[in-house]
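**Student:** Quick one: structure below, then a few questions.
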Amino acid sequence: MTLTKRIAACKAGDALPLLMGIVNITPDSFSDGGRFFTPDAALQQARFLREEGADVLDLGAESTRPGYSPVDAEEEWARLAPVIRPLAEEGACISVDTTKASVARSALQAGAQMVNDVWGLQADPAMADCVAEAGAIVAIMHNRHEVTPDLDFWDEWRRFFDISLKLAERAAIAKESILLDPGVGFGKTLEQNIWAVQNMRRLGEYYDLPVLLGLSRKSMFGGVLGRKVEDRLAATLAANLYGMREGACMLRVHDIQPHKDAMMIEAILSQQTALKHGA
């Protein structure tokens, strides 16, 4: 079954959310501190996540954490190329986490099937056409340059996604190839991040599009619980199970096996509860 069909099955409620495994090929990631910066380390981690059951591998070579150091397209692709090519040859389903059309194009030509754009096709005017020409899947994430505490976020979401989806429509990106990401942790206060998770179903239903949820180890858990990055797995699992119940079609995570286990038990218990009550 193609990735597009698997996403559609999740959206229809016929399958569990897909798990997207995170591989940061960067020296300054907030979550893993450059542990997978070398090609060998990144490949080892990608293969480990795949063995654990990752449906998609999301490879990124430019950090998007607050205060990150930008890299140019040439450097970004130089980090990605020696990792994407072997994984594609092994049959892995690959997403490239980039805002640059030239990097996305090279990755798609090398075997990637999806683009994860944290600026929702709006950072690079060539990105929408790049995705359309390749027939790729795209995750359109909400983002902001600055935090505005008193912002009406429903209006903000609609303004942002209306622009992104108009770009996608003009480029003739197929609707079934689009996911929306509420952008938790990007340009939002703690309260706005919590609101974004609580309203992800509303977002997906408004646009009739599947939702990708990226919560893994995010600072919101530190804000609520005071936990360090390495101590946020339990909070991530709880939030992603909530997202699963609220219709998320893809969960972007660092820890695959714990999520597979938690999702399976949640599904079994929910099914048994439904049978018990005659649903």
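**Student:** Output the residues belonging to segment 200-217 that are outside any loop (DSSP other than H, G, I, E, B), in contact with a Gly (Cβ under 8 Å, 6 or more places away or on another chain), of a type in the set (A, V, I, L, M, F, W, C) and closer than 12 Å to R252 by Cα.
**Tutor:** V211, L213
**Student:** On to the next question. Would you confirm, using the coordinates I've provided, whether V197 is within 17 Å of the chain's Cα centre (by Cα), of a type outside the set (D, E, K, R) and assigned to a helix (DSSP H, G or I)? Full working, then the answer.
**Tutor:** Numbers: within 17 Å of the chain's Cα centre (by Cα): yes; of a type outside the set (D, E, K, R): yes; assigned to a helix (DSSP H, G or I): yes.
Taking the combined requirement at face value, the residue satisfies it.
**Student:** Kindly indicate whether any position in segment 79-92 is outside any helix (DSSP H, G or I), closer than 21 Å to R144 by Cα and in contact with a strand residue (DSSP E or B) (Cβ under 6 Å, 6 or more places away or on another chain). If you could, list the steps in order and put the result at the bottom.
**Tutor:** Of the residues in segment 79-92, the ones outside any helix (DSSP H, G or I) are 90-92.
Narrowing the set further to residues that are closer than 21 Å to R144 by Cα leaves none.
Checking segment 79-92: not a single residue is outside any helix (DSSP H, G or I), closer than 21 Å to R144 by Cα and in contact with a strand residue (DSSP E or B) (Cβ under 6 Å, 6 or more places away or on another chain).
**Student:** Specify which of the listed residues (G226, G247) is on the phi > 0 side of the Ramachandran plot, surrounded by fewer than 20 Cβ atoms within 10 Å (Cβ to Cβ) and in contact with a helix residue (DSSP H, G or I) (Cβ under 7 Å, 6 or more places away or on another chain).
**Tutor:** Details: G226 fails: in contact with a helix residue (DSSP H, G or I) (Cβ under 7 Å, 6 or more places away or on another chain).
Answer to the selection: G247.
**Student:** Oh, and also: Scan segment 169-186 and tell me whether some residue there is on the phi < 0 side of the Ramachandran plot, assigned to a loop (DSSP other than H, G, I, E, B) and surrounded by fewer than 18 Cβ atoms within 10 Å (Cβ to Cβ).
**Tutor:** Of the residues in segment 169-186, the ones on the phi < 0 side of the Ramachandran plot are 169-171, 173-182, 184, 186.
With the extra rule that they be assigned to a loop (DSSP other than H, G, I, E, B), the set shrinks to 173-174, 182, 184, 186.
So of that shortlist, the ones also surrounded by fewer than 18 Cβ atoms within 10 Å (Cβ to Cβ) come out as 174.
Checked against the condition, which is being on the phi < 0 side of the Ramachandran plot, assigned to a loop (DSSP other than H, G, I, E, B) and surrounded by fewer than 18 Cβ atoms within 10 Å (Cβ to Cβ), segment 169-186 yields at least one hit.
**Student:** Taking segment 37-78 on its own, how many of its residues are within 18 Å of the chain's Cα centre (by Cα), assigned to a loop (DSSP other than H, G, I, E, B) and among the polar types (S, T, N, Q)?
**Tutor:** Here the count works out to 2.
**Student:** Anything in segment 122-157 that is surrounded by 22 or more Cβ atoms within 10 Å (Cβ to Cβ) and under 14 Å from the mean Cα position of the chain (by Cα)? List them, or say none.
**Tutor:** I137, V138, A139, I140, M141, H142
**Student:** Which members of segment 169-180 meet the condition of being among the aliphatic types (A, V, I, L, M) and closer than 17 Å to Y206 by Cα? Full working, then the answer.
**Tutor:** Going residue by residue through segment 169-180, those that are among the aliphatic types (A, V, I, L, M) are 171-174, 178-180.
Residues satisfying the conditions are I178, L179, L180.
**Student:** Does G247 fit the bill of being in a loop (DSSP other than H, G, I, E, B) and either modelled with pLDDT of 95 or more or of a type outside the set (S, T, Y) (or both)? Let's see the steps before the verdict.
**Tutor:** Numbers: in a loop (DSSP other than H, G, I, E, B): yes; either modelled with pLDDT of 95 or more or of a type outside the set (S, T, Y) (or both): yes.
Yes: the conditions hold for G247.
Quick grid of which residues meet (1) over 21 Å from T64 (Cβ atoms); (2) without any contact (Cβ under 8 Å) to a residue 40 or more places away in the chain; (3) among the aliphatic types (A, V, I, L, M):
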site	(1), (2), (3)
V131	no, no, yes
M141	no, no, yes
H145	no, no, no
W154	yes, no, no
F160	no, no, no
R170	yes, no, no
K175	yes, yes, no
L179	no, no, yes
G185	no, yes, no
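**Student:** Which residue is farthest from the chain's Cα centre (by Cα), if the candidates are limited to segment 100-121 and must be of a type in the set (V, I, T) and buried (at least 24 other Cβ atoms within 10 Å of the Cβ)? Please lay out each step first, then the result.
**Tutor:** Keep residues of segment 100-121 that are of a type in the set (V, I, T), which gives 103, 115, 118.
With the extra rule that they be buried (at least 24 other Cβ atoms within 10 Å of the Cβ), the set shrinks to 103, 115.
Values: V103: 17, V115: 10 Å.
Among those that are of a type in the set (V, I, T) and buried (at least 24 other Cβ atoms within 10 Å of the Cβ), it is V103.
**Student:** In addition: Report yes if some residue within segment 46-57 is more than 24 Å from D261 (Cβ to Cβ) and not small (G, A, S); otherwise report no.
**Tutor:** Initially, segment 46-57 is screened for residues more than 24 Å from D261 (Cβ to Cβ), giving none.
Among the residues of segment 46-57, not one is more than 24 Å from D261 (Cβ to Cβ) and not small (G, A, S), which makes the answer no.
**Student:** So which of V253, V197, V229 ends up being among the β-branched types (V, I, T), in contact with a strand residue (DSSP E or B) (Cβ under 7 Å, 6 or more places away or on another chain) and touching a residue at least 24 places away in the same chain (Cβ under 8 Å)?
**Tutor:** On the way: V197 fails: in contact with a strand residue (DSSP E or B) (Cβ under 7 Å, 6 or more places away or on another chain); V229 fails: in contact with a strand residue (DSSP E or B) (Cβ under 7 Å, 6 or more places away or on another chain).
So the residue among V253, V197, V229 that is among the β-branched types (V, I, T), in contact with a strand residue (DSSP E or B) (Cβ under 7 Å, 6 or more places away or on another chain) and touching a residue at least 24 places away in the same chain (Cβ under 8 Å) is V253.
**Student:** Determine which member of the set A234, A262, A239 is part of a helix (DSSP H, G or I), among the small types (G, A, S) and either surrounded by 20 or more Cβ atoms within 10 Å (Cβ to Cβ) or under 13 Å from the mean Cα position of the chain (by Cα) (or both).
**Tutor:** Values: A234 fails: either surrounded by 20 or more Cβ atoms within 10 Å (Cβ to Cβ) or under 13 Å from the mean Cα position of the chain (by Cα) (or both); A262 fails: either surrounded by 20 or more Cβ atoms within 10 Å (Cβ to Cβ) or under 13 Å from the mean Cα position of the chain (by Cα) (or both).
When all the criteria are applied, what remains is A239.
**Student:** Output the qualifying pairs, or none if there are none: Cβ atoms under 8 angstrom, residues six or more apart or on different chains, first residue in segment 47-63 and within 8 Å of N24 (Cα to Cα) and surrounded by fewer than 24 Cβ atoms within 10 Å (Cβ to Cβ), second residue of a type in the set (F, W, Y) and at pLDDT below 95.
**Tutor:** From segment 47-63, the pairs are S63/F30.
The values are calculated or read from the model by the stated rules, or taken from the named source; none is laboratory data. Keep in mind that this is a model prediction, so the values were computed, not measured. Positions of Cβ are backbone-derived with ideal geometry, glycine not excepted, and every protein chain shown enters the neighbour counts.
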